[in-house]
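A quick write-up on the structure given underneath.
The values are calculated or read from the model by the stated rules, or taken from the named source; none is laboratory data. Being a predicted model, the structure only gives us computed values, none of them experimental. Don't worry about glycine lacking a Cβ; one is built from the backbone with ideal geometry, like all the others, and counts go over all protein chains shown. Accessible surface is based on the protein model in full, side chains and every heavy atom, while ligands, DNA and RNA are left aside. Shrake-Rupley method; radii C 1.70, N 1.55, O 1.52, S 1.80 Å.
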Amino acid sequence: MSGTTYPVLKTAKARTLIDNDKYLKWYKESSDNPEKFWAKHGTRIDWFKPFTKVKNTSFTGKVSIKWFEDGITNVAYNCIDRHLVSRGDQVAIIWEGDNPYDDKKITYRELYDQVCRLSNVLKSNGVKKGDRVTIYMPMIPEAAYAMLACARIGAIHSIVFGGFSPDALAGRIIDCQSTFVITADEGLRGGKTVPLKHNTDLAIEIASRAGVEVDKVLVVRRTGGKTEWFDTRDIWYHEATKAAKPDCPPAKMKAEDPLFILYTSGSTGKPKGVLHTTGGYLVYASMTHQYVFDYQDGDIYWCTADVGWVTGHSYIVYGPLANGATTLMFEGVPNYPDAGRFWDVVDKHKVNIFYTAPTAIRALMGAGDQFVKRASRASLRTMGSVGEPINPEAWEWYYNVVGDKRCPIVDTWWQTETGGVMITPLPGATDLKPGSATRPFFGVKPQLVDSEGKVLDGATDGNLCITDSWPGQARTVYGDHERFIQTYFSTYKGKYFTGDGCRRDEDGYYWITGRVDDVINVSGHRMGTAEVESALVSHDAVSEAAVVGYPHDLKGQGIYCYVTLMNGHDGSEQLRKDLVAHVRKEIGPIASPDKIQFAPGLPKTRSGKIMRRILRKIAEDDFGSLGDTSTLADPTVVEDLIENRQNRK
Ligand code: ATP
Ligand code: MG
């Protein structure tokens, strides 16, 4: 992997909250005495009744995780009410519509009004503390209001990404037995409408056949498109909220009362309904938001994720609003009206902190620099990446072209289950290495182990575990604590197993090498997928690559590469040879690709992650049962790959 190091930028050092000395000091405090460290930082949120107990966690036996357990608070109060005195007229949410001419600004005072009204609507329709409310919405402010209204009255929200099918929505409604749904008539993405209400109607029928009856559907009018209407069940959002009272007291919530259920992306199998609770989650989301992005008062902050993913929960809504930030919410997609949209929006709203995913960075890199350069991007200060390993090539492009070499990149490694960022650089503290998530956040204790569970020290490759709890950690899989124990705590006794492979270098930096299940074993050499993929992406003609193993008579496993080319390149025999030579040069002959399939697109989850398990099946010539494909973004991509596979028997 690329060996370049980028020292902390002077500009970042000059205004940053945490420099390297402070990082080392705080990290030591957090690992030597977690109780004391988190007792101090637990007060960054307001408590109606302060906690006296800090940490009560066990990774063995029945696995029980409790933080600040006797404290009483409310997440919506912390995200709204407590800011009213000092920043009632400050903008809380900047909304940028799918159409570049459509935008709006919502102050903290307006947010209070909207959330209280909606809370009253939920209450008057029978939603009570502990009830599950499904939110199936486009990226409009009402999605944030819905989350906060649930939090305000103590209902548990379960957000289902607006791009999911009726089946996927039904599955999630059934899994958590949700009887109340909030949706919109239609969503709007990239100029196309998405029939959300229609999908909801279909999902409700499916759920009903499985014995789960949805009684009420609250519908936001987004496009005004035609929808079916069931008078006894459907309620117009605008009518109900207009009629509701504009004040609603926040429910007194125990720190360990559930806040939300969220299903994982489904990259590796059937999505898990991860449960997060109130106090520890908010402490962790707000603290990571502040220090990871070096968020400071007055900054305009933009995370391009969808609220349907955990990134949207922690870093569009809860973390930023708990910190009194101005958070930008974007309804559209990166390439509409064209591939310059992100950078146009950065200029338009003077965005200081920008957070996106490698899938978007690779796609925009493929589209060409002219789209970036037509915007000034002068306001940008910190840029982040999340979701997959970022290939050094894409990192360099992000850093040099988008950030003009003046913005530190925070490559944040974390998971739905971790609630917040776990391994990451801090802008003013960490020298950067492209492709490395670098060092653990405060209170996070990573450990690398081999397949037998032996702890590995120093510079090494291994399976990434976390040895002690942190406040943002998921508490269970909803309704299935046994699956929680099985999935995360049974592989290596007494440790949280992340499922990811990882390398630690001589500086103690962590490099995520891909999912442990995806590790390829070529003639006894274990190789992470990320490394081979990054070598391919570093070739000028390649925009994206996915690598999997397949059975090989001599080597045990062979290396099968799916490659997407940059605009203007064709997949010729010559290029195939060039790519093989290129990988041999970058990594060595052991990583020499056995098969290369040029593909117009790769199968991805709806959150934009490459689904290697499907690619593995195709490479193995076993595409009869592809496993759970409910989170697959575009099924036609898979058909094309099967049609053109290189491994026909
Ligand atoms: P499922 O658990 O259903 O298979 P998923 O793991 O993709 O889906 P998420 O919780 O959305 O669901 O993703 C977490 C995973 O994403 C991590 O375990 C890791 O593999 C990958 N990931 C996230 N951020 C990074 C990063 N900065 N670098 C490398 N990998 C990352
Ligand atoms: Mg996962």
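Calculated FRET efficiency, Lys25 and Lys105, Cβ-Cβ r, R0 41 Å, to nearest 0.05?
So, using R0 = 41 Å, E works out to roughly 0.55.
Shape call for the chain from the C-alpha gyration tensor, a ≥ b ≥ c root eigenvalues: rounded (a/c under 1.5), prolate (a/b greater than b/c) or oblate?
On the way: a/c = 1.44, a/b = 1.29, b/c = 1.12.
It comes out rounded by the Cα gyration axes.
Mind listing which chymotrypsin sites (Phe, Trp or Tyr not before Pro) in region 86-162 are in a DSSP loop and have 10 or fewer other Cβ atoms within 10 Å? Before the final figure, lay out the partial values.
Working: sites: Trp95, Tyr101, Tyr108, Tyr112, Tyr136, Tyr145, Phe161; in loops: Tyr101, Phe161.
When the chymotrypsin sites (Phe, Trp or Tyr not before Pro) of region 86-162 are filtered for loop state and at most 10 Cβ neighbours within 10 Å, Tyr101 remain.
Please give every one of the aspartates and glutamates within straight-line cross-link reach of Lys242, meaning a C-alpha to C-alpha distance under 19 Å, and leave out same-chain neighbours fewer than 8 residues apart.
In chain and number order, the partners are Glu110, Asp113, Glu142, Asp185, Asp231, Asp234.
Roughly how many percent of the accessible protein surface of the chain is carbon and sulfur, given a 1.4 Å probe and a whole-percent answer? Could the numbers behind the result be given before it?
Details: 11640 of 23740 Å².
About 49 percent, which is the carbon plus sulfur part of the accessible surface.
Could you tell me how far the Cα centroid of region 307-333 sits from the Cα centroid of region 573-643, in Å?
32 Å
How much accessible area per residue does region 440-485 have, in Å², with a 1.4 Å probe? The partial results should precede the final answer.
Values: 1650 Å² over 46 residues.
Result: 36 Å² per residue.
Reachable lysines from Lys350, Cα under 21 Å, same-chain residues fewer than 8 places away excluded?
Lys104, Lys105, Lys373, Lys405
I'd like the FRET efficiency for Arg82 and Asp553, computed as 1/(1 + (r/R0)^6) with the beta carbon distance as r and R0 of 51 Å, rounded to 0.05.
Values: r = 65 Å, r/R0 = 1.28.
With R0 = 51 Å, the Cβ-Cβ based efficiency is 0.20.
Per 0.36 nm of contour for each residue apart, how much would the distance between Phe230 and Glu620 grow if the chain were fully extended, relative to their Cα-Cα spacing?
Working: separation 390, 0.36 × 390 = 140.40 nm, distance 4.81 nm.
So the extension gain works out to 135.6 nm.
Report the extension gain between Asn335 and Ser379 in nm, rounded to one decimal, defined as 0.36 nm multiplied by the number of residues separating them, less their alpha carbon distance. Intermediate values should be presented prior to the final figure.
Values: separation 44, 0.36 × 44 = 15.84 nm, distance 2.12 nm.
Extra length from Asn335 to Ser379 when fully extended: 13.7 nm.
As an exercise, identify the trypsin sites (Lys or Arg not before Pro) in region 396-483 lying in DSSP coil whose Cβ has no more than 13 other Cβ atoms within 10 Å.
Values: sites: Lys405, Arg406, Lys454, Arg475, Arg483; in loops: Lys405, Arg406, Lys454, Arg475.
Within region 396-483, the qualifying trypsin sites (Lys or Arg not before Pro) (loop, at most 13 other Cβ atoms within 10 Å) are Lys405, Lys454.
Name the shape class, rounded, prolate or oblate, that the alpha-carbon gyration tensor gives for region 428-581, where a ≥ b ≥ c are the square roots of its eigenvalues, rounded holds for a/c under 1.5, and otherwise prolate holds if a/b is larger than b/c and oblate otherwise.
Working: a/c = 2.03, a/b = 1.66, b/c = 1.22.
Judged from the Cα gyration tensor, region 428-581 comes out prolate (a/c at least 1.5, a/b above b/c).
Can you give the net charge of the other residues whose Cβ lies under 12 Å from the Cβ of Asp21, counting K and R as +1 and D and E as -1? Walk me through the numbers on the way to the answer.
Numbers: positive: Lys13, Lys22, Lys25, Lys28; negative: Asp19.
Charge balance in the 12 Å sphere: +3.
Rolling a 1.4 Å sphere over the protein heavy atoms, what is the accessible area per residue of region 2-86, to the nearest Å²?
Working: 4510 Å² over 85 residues.
Spelled out: the 1.4 Å probe surface of region 2-86, per residue, equals 53 Å².
Return the unpartnered cysteines for the chain, using a Cβ-Cβ cut-off of under 4.7 Å.
Cys79, Cys150, Cys176, Cys303, Cys407, Cys465, Cys502, Cys561
Any idea what % of Cα-Cα pairs in region 78-151 are farther than 22 Å? It would help to have the intermediate numbers written out before the result.
Details: 769 of 2701 pairs.
Pairs farther apart than 22 Å: 28 percent.
So which of Lys577/Lys617; Lys129/Lys252; Lys197/Lys604; Lys62/Lys272; Lys197/Lys609; Lys192/Lys226 end up more than 20 Å apart, counting from Cα to Cα? Spell out each step's value before the answer.
Working: Lys577/Lys617 24 Å; Lys129/Lys252 10 Å; Lys197/Lys604 25 Å; Lys62/Lys272 18 Å; Lys197/Lys609 26 Å; Lys192/Lys226 15 Å.
Beyond 20 Å: Lys577/Lys617; Lys197/Lys604; Lys197/Lys609.
Taking K and R as +1 and D and E as -1, what net charge do the other residues with C-beta under 14 Å from the C-beta of Ser265 add up to? Kindly include the intermediate steps, with their values, before the conclusion.
Values: positive: Arg172, Lys270, Lys272, Arg515, Lys604, Arg606, Lys609, Arg612, Arg613; negative: Asp306, Glu388, Glu417, Asp500, Asp628.
Cβ neighbours under 14 Å give a net charge of +4.
Could you work out how much longer the chain between Asp634 and Arg526 gets when fully extended? Use 0.36 nm per residue separation minus the Cα distance between them, nm to one decimal. Can you show the working numbers first?
Details: separation 108, 0.36 × 108 = 38.88 nm, distance 3.10 nm.
Gain in length upon complete extension: 35.8 nm.
So which trypsin sites (Lys or Arg not before Pro) in region 120-168 end up in coil per DSSP with only 16 or fewer other C-beta atoms within 10 Å?
Working: sites: Lys123, Lys128, Lys129, Arg132, Arg152; in loops: Lys128, Lys129.
Here the sparse-neighbourhood loop sites are Lys128, Lys129.
How much mean residue ellipticity at 222 nm does the chain get from its helices, if each DSSP H run of length 4 or more adds -39500 (n - 2.57) and you divide by all residues, to the nearest 500 deg cm²/dmol?
Working: 21 runs with 193 residues, N = 649.
Calculated from helices alone, the mean residue ellipticity at 222 nm is -8500 deg cm²/dmol.
Would you please classify the overall shape of region 1-148 from the alpha carbon gyration tensor, given that a ≥ b ≥ c denote the square roots of the eigenvalues, rounded means a/c under 1.5, and beyond that prolate means a/b larger than b/c while oblate covers the rest? Don't skip to the answer; put the middle values down first.
Details: a/c = 1.90, a/b = 1.22, b/c = 1.55.
Taking the square roots of the gyration eigenvalues as a ≥ b ≥ c, region 1-148 is oblate.
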